[in-house]
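For reference, the structure discussed in these notes is given below.
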Amino acid sequence: MRRWLHSLWFLVISPVIAQNVPTVLQIPPLQWINLSRLYKGGSQPIPLRDAHIAYDPAKRVLIIFGGESSAGVPTQQTYVLQLDDLTWRVPVPPAAQQDIPPPRSAGVYGQDLASNYRNGMLIWGGKGTSGPLNDLWYYHYQNEFWAKIPMNGSVTPQGRWGAAGGTAPASVIQNVETFMWFAGGENSTSAFTFDDVWQLDMTGVIAAGSVVASGTWSKVQTSAGDPTAMTRYGITGAVIPPVGNTDRQGTLVVFGGCDVSSSSYNASCAQNTGSILTLPTDRSQTAAQWATAGTCPPGSYGASIAPNRNLAGSSFSSQVFLFPGAVDTKLWNDPTGLQAGEVGVLQTPGVWARVLPAGDPGSNPNRPTAKQGAAVFTHTASITGSATWTDTVVFGGVDVTTGMYTNEMWLLRAYNDQIQSSDQHWTGYGDGNLQTGVNATGTGVTVQFLTQCASQISIPGSPTSSNEPHPSTTGTPNGPAPTSTSPPSALLDASPVHKILSPVSVAMILPAILLFRASSGPTLVHGSMQAMALLTAGGLIGIGAEALGIVGFVLGVSRVTKNSSNSGGLRRRADSSSDSLLSTPHSQASLILFIVLYGVVPIIAAVLFFTGPRWSRARYPRRPRLGDERKPTDSTIPSSTVAPLTAAEKGTARSSEDDILMTNRSPGRVSIDSQVVGESEEGGDYAARRRAKSLSIGN
């Protein structure tokens, strides 16, 4: 209802917020190239989201590790794409170095290039099979093995996933250190989102048969009045590495996601604001400075960001490329609309451009659709070996148009020149014939600059504006969800105990019902030991199922609040009257199922059980036996008045049985009690003798 009123207000009443015009930025000529259609077999990755990606320029291979499968579980497989022939394979590590990281997704990752000492990929943290991780692993490019890196000291960040960050490899060969920075992230086991910033200093030597390296964590002091961007769910971010031989210079960019006060976490609450953290330029540990970026692209959930590593323009080193995730177009006034393959370009200190790169003429579609949770990596040159352009690789993610996990791989190729207007020809435009494949040289490439920025639609009573958007509180998830798993982007992650107890409880109900039925079967005597044993077992299992169901439901009720008094930089669970309990369709359906299955059904079953015919003797009649006393219906006959029958009288009694029953109306005659005439042979004989006695008395 509220969403319907929301749309009506937008169409009829709500004033349109004034549009911002994107900034005219100088950018490199950009083209999308579809690598997926060029795969030539091998051990291809399964469809994944939130995977980790790197590139080895020496061997010219791409590395994919981990990520979440379409079943909603983290994986730990490593895949290698040979770019010479575009075939996939798995690594072949030395026999003595067979360790691999535990399964994970959405960790912080990046290149570790430090002279001759290390040449590989770093991954920290992520979401494991049983919760958040806080370990550090290194993948050695040359020898294709994994090594776990020990930490110096006891200061380490708390485990989390979905943090915004990356590495800043040294840009000169003399530097033997690599730094990793990240901000925010989430951890549903002890807290929801974090508002801290961490730095890793990686040193040492890693080679085949020798791992003499370690990492040191330190918490980065930041300026007062930190923005809330990094405390959101579903954020994205990247580190813009330094240019030149600086010590700790770099910039951390954070964008999008949902505020912690939102009632659900998906595209319906995604923001379009970003924050920029200028990292310290020396070892003095002076406070890093936060700044708020402008707004232009629509709010996005699960987007991806990569730095522009092309050096053809002096401003490129301060730019990042934004690849949109899930966008709820009904919540944004966006005249141009979100285009397939659209790229946002953010240039620090915070101005935006929206562009549509050239497509791949050999692919249909010729540009990628938006992906939620895509893995991205940018190299300083082309991954095909040419130095005349730079490539950004975009892999996997959930297709926001279909809701399906994918293993697609696209290149965003940035050619070496500068353009700043639509359809602008540049030095490599050539004959104008657009090329396809990994060896495309840029001929015919032009870029379209979108002329409008998106702004959030106003809702009556909402103080939103295009510069300070606020999340929707409709509570209705509108972003497309993957078809083969639970909505991966809904971050109200229930307790693992809830996920186990609830199905176990439901599974226990069936044997309880079967045991109850067996205890009242036709082959068992009511009240016998066998019947009571089955009845007791069914009752105990039923009580156990009821108890597990109640515990599982209680643990599955999730609440998210914003606790201003938290400590340790955490957003913790807390009780608040402003929270929205059971706000998702899943939780509401669960509540209805719980009430019916664990409330109404047991009550009805108990009433039927204790009031049904099984507790009546009529359902279990005792067979009559000779010598049993029966009370006739007409009168009571003393036993002393009944004379024995002769053989002739017995024959007469048997032949006249029906006549006696039909004509038993005269005085002195006694009718036969219907209960005396049993269905068994024994009851028939007994009834005949009683009828014979009745006949003699009548005579």
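The values are calculated or read from the model by the stated rules, or taken from the named source; none is laboratory data. Please read these numbers as outputs of a predicted model, since none were measured by experiment. Every residue, glycine among them, receives a Cβ derived from its backbone with ideal geometry; neighbour counts consider all protein chains shown. Keep in mind that these areas ignore ligands, DNA and RNA; they rest on the heavy atoms of the full protein, side chains included. Shrake-Rupley method; radii C 1.70, N 1.55, O 1.52, S 1.80 Å.
Structure values in brief
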read-out	value
Residue in the range 475-496 that is at pLDDT below 90, among the β-branched types (Val, Ile, Thr) and open to solvent by 70 Å² or more (accessible area, probe 1.4 Å) present	yes
Candidate set from the range 237-258 (those that are open to solvent by less than 30 Å² (accessible area, probe 1.4 Å) and not in a strand (DSSP E or B)); member that is modelled with the lowest pLDDT	Arg248
Positions within the range 56-70 being open to solvent by 30 Å² or more (accessible area, probe 1.4 Å) and either part of a strand (DSSP E or B) or touching a Ser or Thr at 6+ places or on another chain (Cβ under 6 Å) (or both), in sequence order	Ser70
Count of the range 400-447 residues which are under 38 Å from the mean Cα position of the chain (by Cα), more than 22 Å from Ala381 (Cβ to Cβ) and of a type outside the set (Phe, Trp, Tyr)	8
From the options Thr390, Thr401, residue that is over 26 Å from Ile123 (Cβ atoms) and β-branched (Val, Ile, Thr)	Thr401
Which numbered condition Val73 fails, given (1) modelled with pLDDT of 95 or more; (2) surrounded by 15 or more Cβ atoms within 10 Å (Cβ to Cβ)	(2)
Residue that is nearest to Ser363 (Cα to Cα), among those in the range 408-449 that are open to solvent by 50 Å² or more (accessible area, probe 1.4 Å) and not in a loop (DSSP other than H, G, I, E, B)	Glu408
Members of the range 334-363 that are assigned to a strand (DSSP E or B) and open to solvent by 30 Å² or more (accessible area, probe 1.4 Å)	Gln347, Val351
Subset of the range 125-155 (residues that are out of contact with any Ser or Thr (no Cβ under 8 Å at 6 or more places or on another chain), over 23 Å from Leu62 (Cβ atoms) and surrounded by 15 or more Cβ atoms within 10 Å (Cβ to Cβ))	Gly128, Leu133, Asp135
Output for the range 156-171, where each listed residue is buried (at least 24 other Cβ atoms within 10 Å of the Cβ) and not in a strand (DSSP E or B)	Arg160, Gly162, Ala163
Any pair with Cβ under 6 angstrom, 6 or more apart, that starts in the range 284-310 at a residue that is on the phi > 0 side of the Ramachandran plot and ends at one that is part of a loop (DSSP other than H, G, I, E, B)	Gly302/Gly234; Gly302/Gly325; Gly302/Gly373; Gly302/Ser489
Residue in the range 403-410 that is modelled with pLDDT under 95 and in contact with a strand residue (DSSP E or B) (Cβ under 6 Å, 6 or more places away or on another chain) present	no
